[in-house]
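Reading through the structure tokens given below for one structure.
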Amino acid sequence: MHLAPRSCYQPVEISCCTAPFHAISWWMKQPESQGDDSAPTGPVPTILEAVVRRLCVSAVYNRGIVTLAPHILYTKHDELHLDAVALERDGKPPREVKIGTYRVSGLGSISLMDRAFLPVELFDPLEAKYQNVTLMAVDRV
């Protein structure tokens, strides 16, 4: 993975379901121009937008293309993880609906899709593994 010099990265405040979370977002690159396209780019802003807007993402995972419905972004062992429902793997639906955990660094070519999703009932943002590590979670309303 290619990272730009640290001077390109900006601090950001991310609000989650319980309290504001302050972080130096070394994974978010600010565009060089400050015109209309001044939003951060990269995998994390894409995932955050997908969670907030309840949109699916497409990504390369284990050399295959997956369509994911991202439910929560959190940290685990100082790495970013995404719990999401896989809606397709290489164009085929999974045998069962389940929430899978994906290390963000293991997802490639992440792109936002124009495909909405509804959060699955299996997802519980209050689960113990998400406490004090959640960056963003879907709103279940």
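Which one of 122, 118, 112, 126 is assigned to a strand (DSSP E or B) and either at negative phi or at pLDDT 95 or above (or both)?
On the way: 122 fails: assigned to a strand (DSSP E or B); 118 fails: assigned to a strand (DSSP E or B); 126 fails: assigned to a strand (DSSP E or B).
The conditions single out 112.
Is there a residue in the stretch 88-100 that is of a type in the set (D, E, K, R), modelled with pLDDT of 95 or more, surrounded by 15 or more Cβ atoms within 10 Å (Cβ to Cβ) and in a strand (DSSP E or B)?
For the stretch 88-100, residues of a type in the set (D, E, K, R), modelled with pLDDT of 95 or more, surrounded by 15 or more Cβ atoms within 10 Å (Cβ to Cβ) and in a strand (DSSP E or B): present.
Can you tell which of 63, 53 is touching a strand residue (DSSP E or B) at 6+ places or on another chain (Cβ under 9 Å) and among the basic types (Lys, Arg)? Let's see the steps before the verdict.
Values: 63 fails: touching a strand residue (DSSP E or B) at 6+ places or on another chain (Cβ under 9 Å).
Going through 63, 53 in turn, just one is touching a strand residue (DSSP E or B) at 6+ places or on another chain (Cβ under 9 Å) and among the basic types (Lys, Arg): 53.
With the requirement that a residue be open to solvent by less than 70 Å² (accessible area, probe 1.4 Å) and modelled with pLDDT under 70, what does the stretch 34-68 give you?
If the condition is that a residue be open to solvent by less than 70 Å² (accessible area, probe 1.4 Å) and modelled with pLDDT under 70, then 35, 38 are the ones that fit.
The values are calculated or read from the model by the stated rules, or taken from the named source; none is laboratory data. Being a predicted model, the structure only gives us computed values, none of them experimental. Counting neighbours? That spans all protein chains shown, and the Cβs are built from the backbone with ideal geometry, glycine included. Accessible surface areas use protein heavy atoms only, side chains included; no ligands, DNA or RNA. Shrake-Rupley method; radii C 1.70, N 1.55, O 1.52, S 1.80 Å.
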